[in-house]
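Note sheet for the following structure.
Only the coordinates and a few stated rules stand behind these numbers; no lab work does. None of these values were measured; they are calculated from a predicted model. Counting neighbours? That spans all protein chains shown, and the Cβs are built from the backbone with ideal geometry, glycine included.
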Amino acid sequence: MDKIEAYAKANNIPIMEEFGIKFLTDFIKENKIKRILEIGSAIGYSAIKMALVDKDIFITTIERDEQRYQEAVKNIREFNLEDRINIMNVDAFDAIVDDKYDLIFIDAAKGQYIKFFEKFKENLNYNGFIISDNINFHGLTKNPDKITSHNLKALVRKINNYIDFLKNNEEFTTNFIEIGDGISISKRSK
Ligand code: SAH
Ligand code: MG
């Protein structure tokens, strides 16, 4: 695991932060989550961490970048988890996913979160959760005035649109957790 963390650091791959991944794996344990769909595998770090929570956990994870996908495949194999982590090298918007999951973890292109949510909620079990990472985006979503770059401003605006989308969503109720880079947990409203 140290090796994967070092590789991520050296190659600027934004894997989950220490406290964020701890929160996520504790959440999976407490809620006895068994089937997980992850959007954005990168090099497999969070998928491996989640799979190691319990031997009954099965994960489908999607990564569009070929090089990261290859690295993830290697890492998953090193942990002997290829039977429990199914990784797909495809853009999530082109992916055909039929199964239902207890948890959908969104950790891919930050500007597309509403679209990911809308597409993959169809794959959520009735009592399942949708968790999204990087809701605070390094604290920038709360301080958009501090940003000078035009592209970054546009991205942060999109994340804030996602936050509003979640807050105003009648089908789902969302809790926002101030851990790691900010996490949201959405569940169908009763
Ligand atoms: N969950 C990983 C980190 C993911 S980083 C971890 O914590 O270990 C985000 C990844 O999402 C990047 O590798 C990027 O290539 C991928 N990504 C972004 N948009 C995507 C899309 N539309 N479909 C599939 N993968 C995507
Ligand atoms: Mg992330």
message: Explain nothing, just compute: Karplus ³J(HN,Hα) = 6.51 cos²θ - 1.76 cosθ + 1.60, θ = phi - 60°, for every residue of segment 148-165 in order, whole Hz, x for Gly and Pro.
response: 9, 5, 5, 5, 5, 4, 5, 5, 5, 4, 5, 5, 5, 5, 5, 4, 5, 4
- prompt: Could you state the number of Å between the C-alpha centres of segment 126-190 and segment 1-66?
  reply: 19 Å
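Taking 0.36 nm per intervening residue step and subtracting the Cα-Cα distance, what contour gain separates E170 from H138 on full extension? Kindly include the intermediate steps, with their values, before the conclusion.
Numbers: separation 32, 0.36 × 32 = 11.52 nm, distance 2.79 nm.
Length gained between E170 and H138: 8.7 nm.
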- line: Looking only at aspartates and glutamates whose Cα falls under 18 Å of K146's and that sit 8 or more positions away or on another chain, we get D181
- request: Can you tell me the order of 62-71, 127-136, 76-85 when each peptide is scored by its average per-residue count of other Cβ atoms within 10 angstrom, highest first?
  value: 127-136, 62-71, 76-85
query: Rule-of-thumb check for segment 66-160: C-alpha Rg over 2.2 N^0.38 Å?
result: 1.30
Pairs beyond 22 Å (Cα-Cα), from K32/K190; K32/K158; K167/K187: K32/K158
message: Through the Karplus equation 6.51 cos²θ - 1.76 cosθ + 1.60, θ set to phi - 60°, convert the phi angles of segment 176-185 into ³J(HN,Hα) values in whole Hz; use x for Gly and Pro.
response: 9, 10, 8, 9, x, 9, x, 10, 10, 10
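Given segment 2-134, what whole percent of its Cα pairs are spread farther than 25 Å? Provide the component values of the computation, followed by the final result.
Values: 1411 of 8778 pairs.
Here the long-distance tail beyond 25 Å is 16 percent of all Cα pairs in segment 2-134.
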message: Please compute the modelled spin-label separation between H150 and E66, points set 7 Å along Cα→Cβ, answer in nm with one decimal.
response: 3.2 nm
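For the chain, calculate the relative contact order in percent as a whole number, restricting contacts to Cα pairs under 8 Å that are 6 or more residues apart. Mind dumping the intermediate values first?
Numbers: 326 pairs, mean separation 36.5, N = 190.
It comes to 19 percent, rounded to a whole number.
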